[in-house]
Structure formats: structure tokens, C-alpha cells
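Encoded as C-alpha cells, the structure appears first; notes follow it.
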Amino acid sequence: MPPLRPPPPWLLLNNVSCMHNAQTVLRDINLSIHDGTTLVLTGANGSGKTTLLRMLAGFSRPSMGEILWNSHDVTSPGQYKLQLNWMSLKDTVKKKLTMLENVKWFELLERKDGSRLARLLAIDRLIWLLDEPSIALDAEGTRLLEYIIAEHRKEGGIVFVSTHLPIEIEDSMPHQLPQRFP
């Protein structure tokens, strides 16, 4: 009997790079993502976490390299986008508000985004792209998020989480992005 081959990855990132305003944001990212995988992207502000998620969502193309889902380019029309849940809470801090107004805004978000997160994650989609999902959650909400992600993984789901806040997801693949490229 021939040896069993591992199944092909659902998502494949081949030498993915991104330039923005003549500056390298991401360089030569290579990843093979199979079902049941959680990848936690960490890095400083401006390191490319959101940029990588946006490329995974097919919202933008890499400057170089390719992102494939079942051997198809993720930016091409097709079934890939029907498999996605996208959520971003990253831009919830309002620059034109005072600190006190931002605190009140976050209190409101904590109530609203906890339920928004629950509704979003209740939709049965294979791939979850979560950009700073715990930014407006309290400790209990963060633990619930970690549990929901773990359950999705057990069912074969794929989860990408970008964060600069501590989040503990059992058996996740950490991927630290460099601070910035020269």
C-alpha cells in the first residue's frame, strides 16, 4: 500500500508580498492552511496584520505572490467569498473624540459588538477572518470568543485572528509579523 499523502491545503500563500506607497508592508509570506487550523497574527501597529487579512478576504491583491483557495485565486469570482466571515473592530477608536468620549463609545461597543460578534460567528462559514476581534470585549467576552473559535476549529473550520491583545487559542499557529521593513 502506498504511503498516505497529507491532504492538500485549503489555503495556500506562496511568496505573498505587499507594497504600499513604495514601502514593503509584507514580504515573502508562505503558509499552508488546512482544515481545523487557527492562525494568530501578531505584530506591532503597521506590521501588516490587517493587510494580510484583507488579501485573504480577496479585498486586495498581493503585490507579488499568490493566495489560493482550493487552487483558485482568492480575488477571482467564485465560491471562496461565500465561505468567509469577515469582522473588523480595529478602527473603533474615534480620533476626533476625547478620551472620555472614546471610553463611552467603547462601553457602547462592548454591549453592541459582543452581540455583533455572536451573530457573525453563528453564520456557518468555513473561514473566519477576525481583525482585532477582542478589542471591544471584556475578559468574559474574550473567553467566550476563544471557546467559539476552538469549537469552530473542531468542526474543521479555519480561523485567522489578527491581534495585539493577548488571546489564548489552544493549538493555534502563531505568526509574528516583523515590525516594519526598511
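The values are calculated or read from the model by the stated rules, or taken from the named source; none is laboratory data. Given the structure is predicted, the values throughout are model-derived calculations rather than measurements. Cβ sites come from the backbone with ideal geometry, for glycine too, and all protein chains shown count toward neighbours.
Residues in segment 22-35 that are at pLDDT below 90 and out of contact with any Pro (no Cβ under 7 Å at 6 or more places or on another chain) were compared, and the one that is surrounded by the most Cβ atoms within 10 Å (Cβ to Cβ) is V25.
To keep it simple, each residue is scored yes or no on (1) surrounded by fewer than 17 Cβ atoms within 10 Å (Cβ to Cβ); (2) part of a helix (DSSP H, G or I); (3) among the charged types (D, E, K, R); (4) at pLDDT 80 or above.
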residue	(1), (2), (3), (4)
K95	yes, no, yes, no
R116	yes, yes, yes, no
L137	no, no, no, no
R143	yes, yes, yes, yes
E151	yes, yes, yes, yes
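If you go through segment 47-67 and keep only what is in a strand (DSSP E or B) and crowded, with 17+ Cβ neighbours inside 10 Å, you end up with G65, I67.
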